[in-house]
Amino acid sequence: MADAGRKPHKPMDRRNNFYSSSSSSYSNSTKYRNSNYPKPSVSSRDSSWITPTKKSTTRNWDSDDGRRNDNDDGHQDYPTLVGTCPFMCPAEERARRERLRDLAVFERLHGNPAKTSPNLAVKKFCRTISIKDVQASDVRPVPVLEDTLNYLLNLLHSSDQSFAVVHDFIFDRTRSIRQDLSMQNAVSDQVIHMYERMVKFHIISHRHLYRSFGNPNVASVCHLNMEQLMKALTTLSNLYEANRASHSMCQNEAEFSSFYLLLHLGSDKQVEPLSLWFRSIPSPIMKSKEMCFARRLLRYYRLGNYKRFISTSEREASFLQYCIIEPYVNEVRMLALSCLSYGGYKLQPYPLLHLSKLLMMKESDVESLCADCALETSSDGTGKGLVATKQSVIKKSSGGFQKYYPMESERIERLCTELPEL
């Protein structure tokens, strides 16, 4: 491996000093947590409850699933909202959208764009809602929301439509589900499970969208999907914290906490918030297999240790973890090429065959990646090799990598064929 101390290019610089502010949170984390945490309590998934909170006259729900703030601006208190709508879409909205022909392809009865039914129509996300004017009949209770989520996620694998069409529909309707949950301030094991499933949907969508990166329309969709993934995970973390306050821990908390940590791989400006987040994580979660893996991978990425980043990802990542890691694999491969190009001997090119094993790629893909990075390759009697050019900065096209380079691994291929249940 190339000497990291030589700092040949900018990607290495931005990985430095990451743990200068966060390492204390690792060493001092035990004083913020109780190591003898009680085991999770088993409760019925139908035992959702609503906590009374203070309401303001108007609330902008653009944040989708932001929890209510008990310190709103001193407005008059309103009764806690408990939804009573028995359908996936309120009758008034359903009639209005029929009249306006505002029906998605999945909501049309026999393909008629002006006709739907209670079994097909799903409530759309509304960006701004006046809480004072919301009727209980317009909000779906938790059991109806769970049935709606089941219906939506079944479309992901059973629909004949393209992934882009299916994703657009589920993306909007799950935002509406989170909005209804937020307006009711619902907190329960049932609600936590629903959020976990919605997070999984966004992670799997992230992988599908990344593999379609050559499509110019995908970049904005990928950004929006990542934005909603972070919002859903943030709310899920708050729900986990509320659940721990009742002296119980959720079975999947360590797994989903690792997702949150891995999503910060490419965040240069998130060091301090991430350090503070570490302090709120209980010791049993911090010491879990999932979190130990995520922390090691984050360390390798920040230090520019491309060999261990790639090998550890291939050896230990779960399918959902790999969906998050995958976009960073090419970036780490680019770092490896930069180090070898800068530190190598120009008259002795580095064999692409060796590079393909190091980067876990096909040899033809390594050559294509070198071309994407504006690095030179040469060919002699023994094969092709990477020419050392002492190039300090790799030129990357503004559109990013136009080709998807899969990881050559039987284990990863097997994981990708065994999709998890949503």
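Annotation note: of His167, His193, His157, His202, the sole residue that is touching a His at 6+ places or on another chain (Cβ under 8 Å) and not acidic (Asp, Glu) is His167. Annotation for the stretch 240-251: no member residue is under 29 Å from Val165 (Cα atoms), out of contact with any helix residue (DSSP H, G or I) (no Cβ under 6 Å at 6 or more places or on another chain) and of a type in the set (Lys, Arg). For the residues Leu340, Leu353, the requirement of being in contact with a strand residue (DSSP E or B) (Cβ under 9 Å, 6 or more places away or on another chain), open to solvent by 40 Å² or more (accessible area, probe 1.4 Å), in a helix (DSSP H, G or I) and within 26 Å of Glu376 (Cα to Cα) singles out Leu353.
Is it the case that some residue within the stretch 95-102 is at pLDDT 95 or above, within 28 Å of the chain's Cα centre (by Cα) and in a loop (DSSP other than H, G, I, E, B)? Within the stretch 95-102, none of the residues are at pLDDT 95 or above, within 28 Å of the chain's Cα centre (by Cα) and in a loop (DSSP other than H, G, I, E, B). All of (1) open to solvent by 20 Å² or more (accessible area, probe 1.4 Å); (2) farther than 30 Å from Cys250 by Cα hold for Leu156 with one exception: (2). Here Ser280 fulfils each of the conditions (1) modelled with pLDDT under 95; (2) crowded, with 21+ Cβ neighbours inside 10 Å; (3) among the polar types (S, T, N, Q); (4) within 30 Å of Glu421 (Cβ to Cβ) apart from (2). I want to confirm something. Restricting to the stretch 170-206 and keeping residues that are aromatic (Phe, Trp, Tyr) and crowded, with 21+ Cβ neighbours inside 10 Å, which single residue is farthest from Tyr240 (Cα to Cα)? So, considering only residues that are aromatic (Phe, Trp, Tyr) and crowded, with 21+ Cβ neighbours inside 10 Å, the one farthest from Tyr240 (Cα to Cα) is Phe201.
Is there a residue being in a helix (DSSP H, G or I), modelled with pLDDT of 95 or more and of a type in the set (D, E, K, R) anywhere in the stretch 130-145? Checking the stretch 130-145: not a single residue is in a helix (DSSP H, G or I), modelled with pLDDT of 95 or more and of a type in the set (D, E, K, R). Taking the numbered list (1) in a helix (DSSP H, G or I); (2) surrounded by 15 or more Cβ atoms within 10 Å (Cβ to Cβ); (3) not hydroxyl-bearing (Ser, Thr, Tyr) in turn, Pro273 passes all entries but (2). Looking at the stretch 96-119, which of its residues are of a type outside the set (D, E, K, R) and open to solvent by 50 Å² or more (accessible area, probe 1.4 Å)? Residues satisfying the conditions are Leu100, Val105, Leu109, His110, Gly111, Asn112, Pro118, Asn119. Selection of the stretch 149-167 for residues being assigned to a helix (DSSP H, G or I), more than 13 Å from Val122 (Cα to Cα) and not small (Gly, Ala, Ser) yields Asn154, Leu156, His157, Phe163, Val165, Val166, His167. Among the residues of this structure, Lys231 does not count as one that is under 10 Å from the mean Cα position of the chain (by Cα), open to solvent by less than 50 Å² (accessible area, probe 1.4 Å) and at negative phi.
Conditions tested, residue by residue: (1) open to solvent by less than 40 Å² (accessible area, probe 1.4 Å); (2) assigned to a loop (DSSP other than H, G, I, E, B); (3) modelled with pLDDT of 65 or more.
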{"position": "Asp46", "(1), (2), (3)": "no, yes, no"}
{"position": "Thr53", "(1), (2), (3)": "yes, yes, no"}
{"position": "Asp64", "(1), (2), (3)": "yes, yes, no"}
{"position": "Asp72", "(1), (2), (3)": "yes, yes, no"}
{"position": "Gly83", "(1), (2), (3)": "yes, yes, yes"}
{"position": "Asp147", "(1), (2), (3)": "no, no, yes"}
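For the stretch 368-378, the set of residues classified as crowded, with 18+ Cβ neighbours inside 10 Å and either part of a helix (DSSP H, G or I) or in contact (Cβ under 8 Å) with a residue 60 or more places away in the chain (or both) consists of Leu369, Cys370, Asp372, listed by residue number. Hey, any hits in the stretch 296-306 for a residue that's free of Cβ contacts under 8 Å to residues at least 40 places away in the same chain, part of a helix (DSSP H, G or I) and open to solvent by 10 Å² or more (accessible area, probe 1.4 Å)? Checked against the condition, which is being free of Cβ contacts under 8 Å to residues at least 40 places away in the same chain, part of a helix (DSSP H, G or I) and open to solvent by 10 Å² or more (accessible area, probe 1.4 Å), the stretch 296-306 yields at least one hit. Here Leu236 fits the description: crowded, with 21+ Cβ neighbours inside 10 Å, in a helix (DSSP H, G or I) and hydrophobic (A, V, I, L, M, F, W, C).
The values are calculated or read from the model by the stated rules, or taken from the named source; none is laboratory data. This structure is a prediction, so every number in the text was calculated from the model and none was measured. Neighbour counts run over all protein chains shown; Cβ positions are idealised from the backbone, glycine included. Accessible surface areas use protein heavy atoms only, side chains included; no ligands, DNA or RNA. Shrake-Rupley method; radii C 1.70, N 1.55, O 1.52, S 1.80 Å.
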